[in-house]
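Since the structure comes first, as structure tokens, the remarks are kept for the end.
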Amino acid sequence: MTMLVLIHKECGGLALEESPVGEVCAIPVDRFPFPCFTCLEEIIDESELRLTQDLGI
């Protein structure tokens, strides 16, 4: 199963908690700012995020 993972560029950790479905969908712009799941710093906009794929291998 392929999972999309949002990474916080500042700390390199997960920006969002993994969803039970195993996928992270597009985040609506009105959800910003939100705290990084890993370091708890505020993520202001999508420029602070990077999207990766976890192939689950």
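Give me a comma-separated list of calculated 3J(HN,Hα) values for region 35-43, in order, Karplus coefficients 6.51, -1.76, 1.60 applied at θ = phi - 60°, integers in Hz, x for any Gly or Pro.
x, 5, 5, 8, 9, 6, 6, 5, 9
For the pair Glu10 and Thr38, how long in nm is the line joining their label points, each one 7 Å along Cα→Cβ?
Going by the 7 Å Cα→Cβ label model, 1.3 nm.
Provide the net charge surrounding Ile43, with neighbours chosen by a C-beta distance below 11 Å and charges set as Lys +1, Arg +1, Asp -1, Glu -1. Intermediate values should be presented prior to the final figure.
Details: positive: Lys9, Arg31; negative: Glu10, Glu41, Glu42, Asp45, Glu46, Glu48.
Residues close to Ile43 contribute a combined charge of -4.
Would you order Asp45, Asp54 from fewest to most other beta-carbon atoms within 10 Å of each residue's own beta-carbon?
Values: Asp45 9, Asp54 12.
Placing the least packed residue first, the sequence is Asp45, Asp54.
At what distance in nm do the modelled label points of Glu17 and Glu46 sit from each other, each positioned 7 Å from its Cα along Cα→Cβ?
About 2.4 nm separates the two model spin labels.
When a footprinting reagent is the concern and you count Cβ atoms within 10 Å, what order do Thr38, Thr52 take, fewest first?
Values: Thr38 16, Thr52 9.
If I rank by nearby Cβ atoms, fewest first, I get Thr52, Thr38.
Rule-based calculations on the coordinates, nothing more; no lab input. Everything numeric here is computed off the predicted structure, so don't read it as measured data. Every residue, glycine as well, gets a Cβ built from its backbone with ideal geometry; the counts of neighbours run over all protein chains shown.
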